[in-house]
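Scroll down for the structure; my scribbles are underneath it.
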């Protein structure tokens, strides 16, 4: 187990140990349905503090090989699903927070070199019997590993869009990054699941998207992932009962997102912070940029006016 390759489930375990935890583990049945299929490329875009990173940590704990994490999942909803045991801890997981690599670099080239070097070094430790020195590039490293162990890679990329936020006017840097992701992931047999999360939609340049193999599940079109990011009214009402809070007050403060007219989606950060602090406050507008929030507020207003 490494930091990026098959990481320990520490983050997921800490989430489970939190005072307030809402079981979203049935997300795994959705990713299992797409695992090792032509639809295995998933991009989840949501505002900040909607549980994207928590979900990625959960997926890492579930798929990562070299460990048995059944004890962490046995009391969660997913444990009763028919595909639960089939894929539990059966893949090589790469858990990547792209913001971390960008923060340690000054250029996109430096970021990608650091990423590929760190992952290659950990794969060498994981599979010391392989002669990685014969590999000509990072893609060959991935292919050789897959051919040797026959374990598909589950590649989890959090903050995948950070480069577009920090290099928003550098079209060349964006192109280099998108080309890397396309060559690394598209049409590669070693990819069992590629799961990216971010705030922004998938970036296009020219007349096409470099990442057209990805299906994007955005806030306004969540598809099969509707119930797994953000809190539903039923979930918030249950939490209010458990924490002796007034649901009507919580609702009046925090039901600012509507995916469907009669189904408000609550920002988990806002609800959890309010219940833990015993204080109603504008937590939600402290977790997002104005530009990103504006789009969702305008959409909410448009839906409410229909």
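The values are calculated or read from the model by the stated rules, or taken from the named source; none is laboratory data. It should be emphasised that the depicted structure is a prediction, and the values quoted were computed from it without experimental measurement. Reconstructed Cβ throughout: ideal geometry from the backbone, glycine too, with neighbour counts over all protein chains shown.
Would it be correct to say that residue 126 is in the same structural domain as residue 177 (by TED's automatic domain parsing), over 21 Å from the mean Cα position of the chain (by Cα), surrounded by 14 or more Cβ atoms within 10 Å (Cβ to Cβ) and closer than 23 Å to residue 58 by Cα?
Yes.
If you go through segment 28-41 one residue at a time, do you hit one that is more than 20 Å from residue 77 (Cα to Cα), in a strand (DSSP E or B) and in the same structural domain as residue 181 (by TED's automatic domain parsing)?
yes
Checking the conditions here, which among 134, 168, 175, 215 is surrounded by fewer than 18 Cβ atoms within 10 Å (Cβ to Cβ) and either under 20 Å from residue 56 (Cα atoms) or in contact (Cβ under 8 Å) with a residue 60 or more places away in the chain (or both)?
215
A quick yes/no check of all residues on (1) closer than 20 Å to residue 23 by Cβ; (2) in the same structural domain as residue 19 (by TED's automatic domain parsing); (3) buried (at least 18 other Cβ atoms within 10 Å of the Cβ):
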site	(1), (2), (3)
220	no, yes, no
238	yes, no, no
249	no, no, no
252	no, no, no
269	yes, no, yes
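Here are the criteria: (1) over 30 Å from residue 277 (Cα atoms); (2) surrounded by fewer than 16 Cβ atoms within 10 Å (Cβ to Cβ); (3) out of contact with any helix residue (DSSP H, G or I) (no Cβ under 9 Å at 6 or more places or on another chain). Tell me which single one residue 244 does not satisfy.
Going through the list (1) over 30 Å from residue 277 (Cα atoms); (2) surrounded by fewer than 16 Cβ atoms within 10 Å (Cβ to Cβ); (3) out of contact with any helix residue (DSSP H, G or I) (no Cβ under 9 Å at 6 or more places or on another chain), residue 244 breaks only (1).
With the requirement that a residue be touching a residue at least 60 places away in the same chain (Cβ under 8 Å) and assigned to a helix (DSSP H, G or I), what does segment 239-269 give you?
Those that are touching a residue at least 60 places away in the same chain (Cβ under 8 Å) and assigned to a helix (DSSP H, G or I): 239, 268, 269.
Within the set of pairs 6 or more residues apart or between chains, which connect a residue that is assigned by TED's automatic domain parsing to the domain that holds residue 183 inside segment 109-123 to a residue that is crowded, with 21+ Cβ neighbours inside 10 Å and assigned to a helix (DSSP H, G or I) with Cβ atoms less than 7 Å apart?
That search, which allows pairs on different chains as well, returns 111/101; 111/102; 114/101; 115/101; 123/145.
Given (1) in contact with a strand residue (DSSP E or B) (Cβ under 6 Å, 6 or more places away or on another chain); (2) part of a loop (DSSP other than H, G, I, E, B), where does residue 212 come up short, assuming only one miss?
Result: residue 212 passes all but (1).
Here is a list of conditions, (1) surrounded by fewer than 18 Cβ atoms within 10 Å (Cβ to Cβ); (2) within 25 Å of residue 242 (Cα to Cα), and residue 29 meets all of them except one; can you say which number that is?
The number of the failed condition is (2).
Check whether at least one residue in segment 81-91 is part of a helix (DSSP H, G or I) and more than 29 Å from residue 216 (Cβ to Cβ), and report yes or no.
Within segment 81-91 (the criterion being part of a helix (DSSP H, G or I) and more than 29 Å from residue 216 (Cβ to Cβ)), the answer is yes, since at least one residue qualifies.
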